[in-house]
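Below you'll find the structure, written out as structure tokens, and then a few comments.
The values are calculated or read from the model by the stated rules, or taken from the named source; none is laboratory data. Computed from a prediction, not measured in an experiment: that's the story for all the values here. Cβ placement follows ideal geometry from the backbone for every residue including glycine, while neighbour counts extend to all protein chains displayed.
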Amino acid sequence: MRTHPVWSTLGFLNHAGFLLTAWLYCLSPIQILAAQPKAHIAKNNSVQSKELPNLQLKLPAEKDKVVDDAWIDSIQRGMTFSIDATARWVDQFFGDPRAFDDQPAIAGEGAKAIGRLSAGQVWDEFDGLKPTANFSSRFYLPHMGNKLSAIFGRFNAEEFLTGDDSARLPLVRSTTADDDWLVGVGFDPIIRDHQRLSLGAGFRKGLAFDPYLRARYLVQRGVTERSQVRWQSVAFWQINDGLGVSQRLDYEIGMGQRFLGRWSGRGTYAERTEGIRWRSSASIFYLHSENRAYATEAWILGESDKDVAVVDYGMRGIYRTRYLREWFFIEGWVGTHWPREQIAQERNPQWIVGFQFEILFGQPIIQRSRLRF
């Protein structure tokens, strides 16, 4: 990343204000209400025999069951599907970094330690063959209701700070630095189902002791019975980029019984970035079973003030499955992209192929309860 020798404080505030004004005042959270008479329980148990994680529904009291069967059946069909539960399951199954930060809001259900270890190979027609390895862990300390935690690992620290990290290998070409060792502490003063506030500080680059500070606010709102938005705002400071802000918006929608669609838009501005560093992606997930899923995604990314504003765009297909153990995953993908880093370069399609093995540890990692659709 190139840096400018002098940056105007006024210019920084203007760009930061531009990002912050994108804040959405979304609708109130979806209230998941459902009712189901005992006569239907045996029938529905066959649906949830083996497939996907379950959203537990509270049955109505006996005195409230004097209801027309046709009406209550329509309520059951409409409300049993939970877009939030499905999105969280997808995050956990595919190792999305949002699941890494998804500390349960219910007291007493917090994890003691969670993390992942992955290794693999990526062949890019543009960059050649490269090995990949990532390790990230979070240890929740037994104080203040699991709100205090320690973080340790080797991953893309700059993208971790801005909330723009991707756990599934650096397939999407990034304008940020390579992976670094990072040690830090986090404090979560607000932990709710649809609202979270996290504060963090630590060091990156191992013994180089490159300090960082980060504050992250996450809010989630339902739009319809089958769609929701998740908004993340991050303020950070580090030596490389200086003071900066980052915004991320995800829109998720359930399509049928086993499909989840997701669009993500992200923007970051810091004192030493070349304009606004941005990225947009669209994904469709097919939840084949509790042990297997498919995905396809397309992306575009760039930096607004660079000589080449659009650094890369492309698409890929992904296959991910458990193997032998519920915590051991194998993932493979194939796709193509159109990178360009310099004005003199031509933008040509380049093939990309990769695979990785991943171990998840800690609880809760993948909820084993069933989700009815």
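Side notes on the structure shown:
- Test for Arg316: is it charged (D, E, K, R), under 25 Å from Gly120 (Cβ atoms) and in contact with a Gly (Cβ under 6 Å, 6 or more places away or on another chain): yes
- Residue in the stretch 248-256 that is under 30 Å from Val308 (Cβ atoms), buried (at least 21 other Cβ atoms within 10 Å of the Cβ) and in contact with a helix residue (DSSP H, G or I) (Cβ under 7 Å, 6 or more places away or on another chain) present: no
- Tallying residues that are of a type in the set (Gly, Ala, Ser) and in a strand (DSSP E or B) within the stretch 335-353 yields 1.
- Residues (over 19 Å from Ala87 (Cα atoms), in a loop (DSSP other than H, G, I, E, B) and among the basic types (Lys, Arg)) located in the stretch 258-309: Arg272, Lys306
- Subset tally (residues that are modelled with pLDDT of 85 or more and farther than 20 Å from Gly202 by Cβ) for the stretch 118-148: 16
- Members of the stretch 208-242 found to be assigned to a loop (DSSP other than H, G, I, E, B) and either among the small types (Gly, Ala, Ser) or surrounded by 18 or more Cβ atoms within 10 Å (Cβ to Cβ) (or both), listed by number: Arg226, Asn240, Asp241
A quick yes/no check of all residues on (1) of a type in the set (Val, Ile, Thr); (2) modelled with pLDDT under 95; (3) over 22 Å from the mean Cα position of the chain (by Cα); (4) over 23 Å from Ser264 (Cβ atoms):
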position: Leu287; (1), (2), (3), (4): no, yes, no, no
position: Met315; (1), (2), (3), (4): no, no, no, no
position: Phe328; (1), (2), (3), (4): no, yes, no, yes
position: Gln342; (1), (2), (3), (4): no, yes, yes, yes
position: Gln345; (1), (2), (3), (4): no, yes, yes, yes
position: Leu360; (1), (2), (3), (4): no, yes, no, no
position: Gln363; (1), (2), (3), (4): no, yes, no, yes
position: Arg368; (1), (2), (3), (4): no, yes, no, yes
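- Arg214 meets each of the listed conditions (1) in contact with a helix residue (DSSP H, G or I) (Cβ under 6 Å, 6 or more places away or on another chain); (2) over 20 Å from Arg277 (Cα atoms) apart from (2).
- Residue match in the stretch 150-157 (condition: modelled with pLDDT of 90 or more and farther than 30 Å from Val223 by Cα): no
- Of all the criteria given as (1) hydrophobic (A, V, I, L, M, F, W, C); (2) under 30 Å from Phe139 (Cα atoms); (3) in contact with a Ser or Thr (Cβ under 9 Å, 6 or more places away or on another chain); (4) surrounded by 15 or more Cβ atoms within 10 Å (Cβ to Cβ), the one not satisfied by Ile352 is (2).
- Matching entry among Gly244, Gly261 (being under 23 Å from Asp180 (Cα atoms) and modelled with pLDDT of 90 or more): Gly244
- Of residues in the stretch 120-132 being exposed (fewer than 15 other Cβ atoms within 10 Å of the Cβ) and touching a residue at least 40 places away in the same chain (Cβ under 8 Å), the one nearest to Gly314 (Cα to Cα): Glu125
- Matching residues, the stretch 280-335, being in contact (Cβ under 8 Å) with a residue 24 or more places away in the chain and aromatic (Phe, Trp, Tyr): Phe285, Tyr286, Tyr294, Trp299, Tyr313, Tyr319, Trp327, Phe328, Phe329, Trp333
- Selection within the stretch 242-258 - without any contact (Cβ under 8 Å) to a residue 60 or more places away in the chain and within 17 Å of Val229 (Cα to Cα): Asp250, Tyr251, Met255
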